Amino acid sequence: MKTCDIAVVGLGLMGSAALYELSRRGADVLGFDPLAIGEARGSSHGSCRIFRRFNFESEAYTALSDRAYALWRALEAESGQTILLPSAILEAGPAGCESVRKSRAAAVAANCPISGPRNGREANAAYAAFDLPEDWDVVVHEAGGILLAERAMRALRAGVAHRVVREAAQIAPVPEGIRITTASDEVMARQVIVSAGPWVAGLVPDLRRHLIVTRQAVGWFAPARPESTRYGECPIFILKAAHGMIYGFPDFEGRGVKAAQHDHGPVVGPDDWDPPASDAELATTSAMLAELIPGAAGAIIDRDVCLYTNTARADVVADGGDEFIIDRLPADPRIIVASPCSGHGAKFATAIGAMLADMALDPAVKAIDAFRLDRFSGLAKS
């Protein structure tokens, strides 16, 4: 039987970053994933994701963002490719909007000055595509960007192609290690990192009752005023209104304005990628663009589906759910779980990959408290 010290099962952005880090550090590592880069399934597929230094989800993410940023820039230098396009990020919502308040607080906590528009009236004057209510709260961060996700995947995998097994894998803990089984082979690993996105519960069944997979519809819109939505003229946007939260990108690809609803869609299984996103699924996004960013509104010219894999609320250490899981399995510390990442983890992939390498190579390295599995009573150590 073939052997390796560490196996990585699931090679989206998180798994590819872990494989890259472990290989770079000289570890005996193999990665397993049946999907090719660019294939329209998996949580990391598609051309772009948002990079935010400051996050309304948690002020604690700022340090993680900063580590990820440094590592993205190092990957750019190594690969000779642009992976992170700088872009302002505009967040807005009705007066008193909690997400805007929390993002601003995260920037203040990091001693980062905020000098851009602070209300809808000022935002409309600064960005021609927008027509926000004048009394809305607004925060604009310059420390953001467009993460070129597929290009990042290719850069992470460029030097490790010989370590990638293009097959689906199952894992089975045995006294000798973790047996990795594919359709054509078996490998015995001393440890395994499971970073399989919506498929993670099929590999680690103890997680199933703590995870919720939702279907998220994504659209590309032909902008009504193309000159107002060009890269450099229009920021990345995250808008919270009474009828939902949407996010989107300037038309940096010449493909239209990419936008989607961030609120959780219907609960689905890990293989429920079809049918394509419908007009009905994109109705809230279309309506919010027409109302709030009319320069970006227009016909849907392309569409996609993404799956968010979210955590349920924890009960030992109470949280609001939708928090990451990055930890050793309490019942078997040879298994490290690196999923889910709740629809906004891509920007942290390099930092999380480094964290996973640290954990796999040094048993003394502990998981970040907020990401630990023992926050769930069903997974707490006895």
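The values are calculated or read from the model by the stated rules, or taken from the named source; none is laboratory data. Just so we're clear, the structure is a prediction, and the values are computed from it rather than from any experiment. Cβ: placed from backbone, ideal geometry, glycine included. Neighbour counts: every protein chain shown.
Of the residues Ser228, Ser195, which is small (Gly, Ala, Ser), at pLDDT 95 or above, surrounded by 15 or more Cβ atoms within 10 Å (Cβ to Cβ) and within 22 Å of the chain's Cα centre (by Cα)?
Values: Ser228 fails: within 22 Å of the chain's Cα centre (by Cα).
Of the residues listed, the single one that is small (Gly, Ala, Ser), at pLDDT 95 or above, surrounded by 15 or more Cβ atoms within 10 Å (Cβ to Cβ) and within 22 Å of the chain's Cα centre (by Cα) is Ser195.
Based on what the data block shows, is Gly353 farther than 17 Å from Arg67 by Cβ and assigned to a helix (DSSP H, G or I)?
The answer is no for Gly353.
Return the residues of the stretch 334-350 that are in a strand (DSSP E or B) and within 17 Å of the chain's Cα centre (by Cα); say none if nothing qualifies.
Listed by number, the residues that qualify are Val337, Ala338.
Inside the stretch 160-192, can you point out the residues that are closer than 25 Å to Ala354 by Cβ, surrounded by 14 or more Cβ atoms within 10 Å (Cβ to Cβ) and not hydrophobic (A, V, I, L, M, F, W, C)?
Within the stretch 160-192, Arg163, Gly177, Arg190, Gln191 qualify.
Among the residues of the stretch 62-120, write down those that are assigned by TED's automatic domain parsing to the domain that holds Asp251, charged (D, E, K, R) and in contact with a helix residue (DSSP H, G or I) (Cβ under 8 Å, 6 or more places away or on another chain).
Residue satisfying the conditions is Glu91 alone.
Could you tell me whether Ala123 is crowded, with 17+ Cβ neighbours inside 10 Å, under 27 Å from Glu291 (Cβ atoms), modelled with pLDDT of 95 or more and aliphatic (A, V, I, L, M)? Break it down into steps so the answer makes sense when it comes.
Working: crowded, with 17+ Cβ neighbours inside 10 Å: yes; under 27 Å from Glu291 (Cβ atoms): yes; modelled with pLDDT of 95 or more: yes; aliphatic (A, V, I, L, M): yes.
Here the answer is yes, as Ala123 does meet what is asked.
So that you can scan it fast, the table gives a plain yes or no per residue for (1) surrounded by fewer than 16 Cβ atoms within 10 Å (Cβ to Cβ); (2) assigned by TED's automatic domain parsing to the domain that holds Gly343; (3) touching a strand residue (DSSP E or B) at 6+ places or on another chain (Cβ under 6 Å):
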residue: Ala242; (1), (2), (3): yes, no, no
residue: Tyr247; (1), (2), (3): no, no, yes
residue: Ala260; (1), (2), (3): no, no, yes
residue: Pro266; (1), (2), (3): yes, no, yes
residue: Asp274; (1), (2), (3): yes, no, no
residue: Ala290; (1), (2), (3): yes, no, no
residue: Ile293; (1), (2), (3): no, no, no
residue: Asp302; (1), (2), (3): yes, no, yes
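Given the residues Gly38, Gly10, which is the only one that is crowded, with 20+ Cβ neighbours inside 10 Å, under 18 Å from the mean Cα position of the chain (by Cα) and assigned by TED's automatic domain parsing to the domain that holds Val174?
Gly10
Within the stretch 363-381, take every residue that is outside any helix (DSSP H, G or I) and in contact with an Asp or Glu (Cβ under 8 Å, 6 or more places away or on another chain) and give me the one that is modelled with the highest pLDDT.
Val365
Given the criteria at negative phi and without any contact (Cβ under 8 Å) to a residue 12 or more places away in the chain, does Arg208 qualify?
So Arg208 passes the test.
Which ones in the stretch 213-263 are free of Cβ contacts under 8 Å to residues at least 60 places away in the same chain and among the polar types (S, T, N, Q)?
If the condition is that a residue be free of Cβ contacts under 8 Å to residues at least 60 places away in the same chain and among the polar types (S, T, N, Q), then Gln261 is the only one that fits.
Just a yes or no: is a residue in the stretch 311-318 in a strand (DSSP E or B) and at pLDDT below 95?
Within the stretch 311-318, the first condition is being in a strand (DSSP E or B), and the residues that meet it are 311.
Among the residues that remain, those that are also at pLDDT below 95 are: 311.
The answer is yes; a qualifying residue exists.
Out of all the residues in the stretch 272-304, which are in a loop (DSSP other than H, G, I, E, B) and either in contact (Cβ under 8 Å) with a residue 40 or more places away in the chain or basic (Lys, Arg) (or both)?
Asp272, Trp273, Ala277, Ser278, Glu281, Leu282, Ile293, Ala297, Gly298, Ala299
Looking only at the stretch 191-214, decide whether some residue is among the acidic types (Asp, Glu) and over 30 Å from Gly15 (Cα atoms).
no
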